[in-house]
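Visitor: Let me begin by handing over the structure; questions about it come next.
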Amino acid sequence: MNMQNALTDIQALASNRRRTSDDALFLHRAALEDIDDRLHIINRSFKSAAIVTGFPQVWNALRPDAQMVPDVDTLALHQAAHDLVIHALGLHWANDPVGQMIQARRALVPDGLFLSVSYGGQTLHELRACLGQAEVAVTGGLSPRVAPMAELREIGGLLQRAGFALPVADTTTLRIEYTDMWHLMRDLRAMGEANALAARLRRPTARAVFDAAGKLYQDHYATADGRIVATFELVFLMGWAPDDSQPKALRPGSAQHRLADALNTAETPLSD
């Protein structure tokens, strides 16, 4: 990765994370509970887990025996050392998300499991829209303020690019109410999710931009009792390190039985 073209200012991100508040990490705990449920459904005994995270104080509760790995550009993972690798809410800051997944796959033994949870494209769409509209109106320009987050289909496609077998992607959406936009922004800072983009504006933003954005937020995204809503989309990915024991897709036209016969129904050809 050419650092001149990096998405994230790694030093700024580390600084933001040092100022987190434990009470504000509720999204990590919600994601952890969901990952835990998925592991119970899979019902396999994992003996050598690694968790890639910038928040080990939260994710250690998932598997106290797991190796905690900082989510930096080069992951401290050894090849074929783990049967489970979890990437926990950090891919949106990764300068090379596919590279992160490839490193995770190489760290897995054959038929080892990769699980990831990351923020999806709908996350903070209200805040992005209001800040962008307000900044253009007040200053005539636009600067990066919220880390770009990919849509489900785009993120799911990364699994295949990284070489995982049997890829699965799904999403869940949380909508959190806040007193106002200032309350939301304070919470984002306490989560360690303040602006750490390498291309961010390096001088203070005019108060008029935030005032205008706050009014837009209140006008367009307020609840009946005057609070505002912020969307957080969590995208879950699952893939397996390739292994000969895994099921393989059949070649087109290789089926030996007709689906209509199996369903005991008549087959109706489609018109051209």
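Visitor: Would you check if Ile35 is among the aliphatic types (A, V, I, L, M), over 20 Å from Leu201 (Cα atoms) and touching a strand residue (DSSP E or B) at 6+ places or on another chain (Cβ under 7 Å)?
Guide: yes
Visitor: So which pairs qualify, if the first residue must be in region 131-151 and farther than 18 Å from Glu193 by Cβ, the second must be of a type in the set (Val, Ile, Thr) and surrounded by 14 or more Cβ atoms within 10 Å (Cβ to Cβ), the Cβ gap must be under 8 Å, and the two must be at least 6 apart or on different chains?
Guide: Hits for this filter: Ala134/Val209; Glu135/Thr205; Glu135/Val209; Val138/Val209; Thr139/Val209.
Visitor: Of Arg189, Arg202, which residue is under 30 Å from Pro97 (Cβ atoms), among the charged types (D, E, K, R) and more than 23 Å from the chain's Cα centre (by Cα)?
Guide: Arg202
Visitor: In this structure, is Ala190 of a type outside the set (Phe, Trp, Tyr), at pLDDT 95 or above and either crowded, with 18+ Cβ neighbours inside 10 Å or more than 30 Å from Pro56 (Cβ to Cβ) (or both)?
Guide: no
Visitor: Restricting to region 113-144, name every residue that is in a loop (DSSP other than H, G, I, E, B) and either at pLDDT 80 or above or open to solvent by 50 Å² or more (accessible area, probe 1.4 Å) (or both).
Guide: Gly120, Gly121, Gln122, Thr123, Leu124, Gly140, Leu142, Pro144
Visitor: Looking at Ala50, Ala61, Ala66, can you tell me which residue is under 19 Å from the mean Cα position of the chain (by Cα) and of a type in the set (A, V, I, L, M, F, W, C)?
Guide: Selected residue: Ala50, the only one of Ala50, Ala61, Ala66 that is under 19 Å from the mean Cα position of the chain (by Cα) and of a type in the set (A, V, I, L, M, F, W, C).
Visitor: Can you name every residue in region 55-100 that is free of Cβ contacts under 8 Å to residues at least 24 places away in the same chain and open to solvent by less than 30 Å² (accessible area, probe 1.4 Å)?
Guide: Ala66, Val69
The values are calculated or read from the model by the stated rules, or taken from the named source; none is laboratory data. Note that this is a predicted model, so its numbers are computed, not measured. All Cβ positions, glycine included, derive from the backbone under ideal geometry; neighbour counts span all protein chains shown. Surface accessibility is based on the protein's heavy atoms, side chains included, excluding ligands, DNA and RNA. Shrake-Rupley method; radii C 1.70, N 1.55, O 1.52, S 1.80 Å.
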